[in-house]
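Enquirer: One structure follows; several queries about it will come next.
A short reminder: the numbers here are calculations on the coordinates, not readings from a lab. Small disclaimer: the values here were computed from a predicted structure and weren't measured. Here the Cβ positions follow ideal geometry from the backbone for every residue, glycine too, while neighbour counts run over all protein chains shown.
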Amino acid sequence: MSVQKESKNKIGARCLSDSEVELILPNYKRIYDQINQFRAEKKSVDNFEGQKVNDGNKDQKTNNIGIMGVRGAGKTSVLKTIRVHLEKNKQESNDIILPIIVPENMSESGTLMATVLGMLNDEIKAREEKEKKRQKKNNIGAVALTNENS
């Protein structure tokens with residue numbers, strides 16, 4: 001039997017426990033604080049929609065989080081763990097959570113921007129389809145009442 005089969009350690013990116021993630025990224029919990037801050041800033045921008053801003057400009061908000069490390073350090077496992085957590089709370093936040101992009105899996109002709117836009121397009125289409133089904137379901141069995149004597 002090979003050593004690899006006997007080992008209980010998993011090789012490759014996987015979802016981790018909080019304690020495992022904190023070993024890789026000690027300030028891991030702060031990422032969720034940052035995400036909540038991004039959501040709050042979006043709400044404040046949404047509240048200004050329709051209101052004229054004095055100088056016509058809105059402050060651009062940066063909502064990026066960087067996780068850096070050498071190959072094999074656990075960056076993708078941290079991302080998978082965060083993704084699972086966000087997916088569990090997706091209904092509450094209405095987040096759009098795209099799949100993790102692994103550069104090695106991208107075609108040579110593809111660009112990162114094209115990949116992200118393609119994924120976003122797929123997500124928007126899925127949400128539109130889900131909304132259409134929801135509306136159709138709510139309209140089934142509806143009866144129009146009219147007064148024919150008028």
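Enquirer: Efficiency by 1/(1 + (r/R0)^6): what FRET value for M106 and R71, r their Cβ-Cβ distance, R0 = 25 Å, to the nearest 0.05?
Expert: Details: r = 16 Å, r/R0 = 0.66.
Here the calculated transfer efficiency is 0.95.
Enquirer: Once phi is turned into θ = phi - 60°, what whole-Hz ³J(HN,Hα) does the Karplus curve with 6.51, -1.76 and 1.60 give for every residue of the stretch 113-121, x standing for Gly and Pro?
Expert: Using θ = phi - 60°, the values come out as 4, 4, 5, 5, 5, x, 5, 5, 4 Hz.
Enquirer: Can you work out the Karplus-derived ³J(HN,Hα) for every residue in the stretch 125-134? Use 6.51 cos²θ - 1.76 cosθ + 1.60 with θ = phi - 60°, whole Hz, and x for glycine or proline.
Expert: Calculated HN-Hα couplings, in order: 4, 5, 5, 4, 5, 4, 5, 4, 5, 4 Hz.
Enquirer: Okay, next question. Pairs K90/K125; K42/K88; K43/K80: which are spaced more than 23 Å apart, C-alpha to C-alpha? If you can, show how the numbers build up before the last one.
Expert: On the way: K90/K125 17 Å; K42/K88 21 Å; K43/K80 26 Å.
Beyond 23 Å: K43/K80.
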